[in-house]
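Take a look at the structure below.
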Amino acid sequence: MTEADSEKVDLRSEIPRFKPATPPAAFGEFVENMRRLQDLAVSIDAPDEVYAAAQEKTAELIELLAPFEAREGKGPANRSMQLPGRGSLLMPPWKVEKFDEESVVATGVLRRYHLGGGGVAHGGVLPLIFDDNFGMVVYAAKRPISRTAYLHVNYRKVTPLNVPLAIEGKVDRVDGRKTFITARLTEEDGTLLADGEGLMVQLLPGQP
Ligand SMILES: CCCCCCCC(=O)SCCNC(=O)CCNC(=O)[C@H](O)C(C)(C)COP(=O)(O)OP(=O)(O)OC[C@H]1O[C@@H](n2cnc3c(N)ncnc32)[C@H](O)[C@@H]1OP(=O)(O)O
């Protein structure tokens, strides 16, 4: 087996094997600062000179970071299990509280950069949270490596920002290659905000 092959989850596919990362000490704070920057980028109303100064600083940051761009599965982002959102800026900064064959629970808040309109979360953020949960449920339930074939979200109430939330997902039923998953997004007091159902289909040899 070549070194490149040993990095794959399955020799028949191109999916990289998931290896949790132990991030360098400053990484967590760096990611949190980036999230704060996202909050500000979508909310500030500043004079032109402030944008010009910010533009110069971000250009400097890009120059600092660009030489270290790495392929999927190499850097700590998305693999740092102890950090909110696994240290990935794509993911809301949530933490996994329960991960076993029965269910997967993650908790956290949505923040200013998740705003849709009228002070509540953008509807498109919820499928991201459900899809990520479904992926973890498949893994926790020891089902074969699968991808989402469909995902259905019922929006029962608007989802507030800066309020503790939880998602719990579990396997509903299995039918050959198909794993059907259900999940509920709630507030801390159990108020149902959204529920979802998804079909995860086991990948066949050669499917990316
Ligand atoms: C490694 C990463 C793991 C983490 C994943 C996290 C979740 C993700 O976000 S994955 C990204 C989003 N998903 C994708 O990009 C998937 C893109 N789609 C695909 O790759 C393929 O369509 C795939 C793999 C889902 C299914 O393709 P294929 O293997 O050809 O399935 P196919 O043979 O048509 O169907 C298998 C079964 O599923 C059913 N099925 C497939 N799609 C659907 C659908 N949309 N609705 C209902 N049933 C469906 C079929 O009817 C069939 O059922 P049965 O066995 O009873 O006849």
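The values are calculated or read from the model by the stated rules, or taken from the named source; none is laboratory data. None of these values were measured; they are calculated from a predicted model. Because the Cβ atoms are built from the backbone with ideal geometry, glycine has one as well, and the counts that use them run over all protein chains shown. Each accessible area value is taken on the protein alone, full model and side chains, heavy atoms only, with ligands, DNA and RNA left out. Shrake-Rupley method; radii C 1.70, N 1.55, O 1.52, S 1.80 Å.
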- Message: Could you compute the net charge surrounding residue 156? Neighbours are other residues with a C-beta less than 14 Å from the C-beta of residue 156; K and R count +1, D and E count -1.
- Response: -1
- Query: In terms of modelled amide H atoms, which long-range or inter-chain residues lie less than 5 Å from the amide H of residue 77?
  - Reply: none
- Hey, what's the chain come to in accessible area per residue, 1.4 Å probe, Å²? 60 Å²
- Item | For residue 79, net neighbour charge (Lys/Arg +1, Asp/Glu -1) across residues whose Cβ lies under 12 Å away | +3
- Can you list residues whose amide H is under 5 Å from residue 193's amide H, if they're 5+ apart or on another chain and H is modeled 1.01 Å from N? 185, 186, 187
- Query: With all protein chains present, how much of the accessible area of the range 63-194 (probe radius 1.4 Å) comes from carbon and sulfur, to the nearest whole percent?
  - Reply: 53 percent
- Message: Compute, for the range 76-162, the length of the dipole vector about the Cα centre, with Cβ point charges of +1 (Lys, Arg) and -1 (Asp, Glu) only. Units Debye, rounded to 20.
- Response: 200 debye
- Task: Please express the shape of the chain as an equivalent ellipsoid: the semi-axes are the square roots of 5 times the eigenvalues of the C-alpha gyration tensor, given largest first in whole angstrom.
- Result: 31, 26, 14
- Task: With springs connecting C-alpha atoms under 10 Å apart, model the chain as a Gaussian network and identify which of 85, 119, 108 has the largest mean-square fluctuation.
- Result: 119
- Note on the structure: GNM on the chain, Cα springs under 10 Å; top mean-square fluctuation among 35, 79, 71 goes to 71
- From highest to lowest solvent-accessible area (probe 1.4 Å; ligands, DNA and RNA excluded), 122, 114 read 122, 114
- If you line up the Cα atoms of the range 33-86 on their principal axes, what length do they span on each, largest first, in Å? 39, 25, 13
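Treating only the Cβ of Lys, Arg, Asp and Glu as charged (+1, +1, -1, -1), what charge dipole size does the chain show about its Cα centre? Round to the nearest 20 debye.
Here the chain has a charge dipole of around 700 debye.
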- Message: How much length would be gained if the chain were fully extended between residue 33 and residue 163, taking 0.36 nm per residue of separation minus their Cα-Cα distance, in nm to one decimal?
- Response: 44.8 nm
- Charge dipole (the range 100-208, unit charges on Cβ, about Cα centre) - positive-most of 148, 115, 167: 148
- Message: Suppose the chain between residue 50 and residue 89 were pulled fully straight at 0.36 nm per residue; how much longer would it get relative to their current alpha carbon spacing?
- Response: 11.6 nm
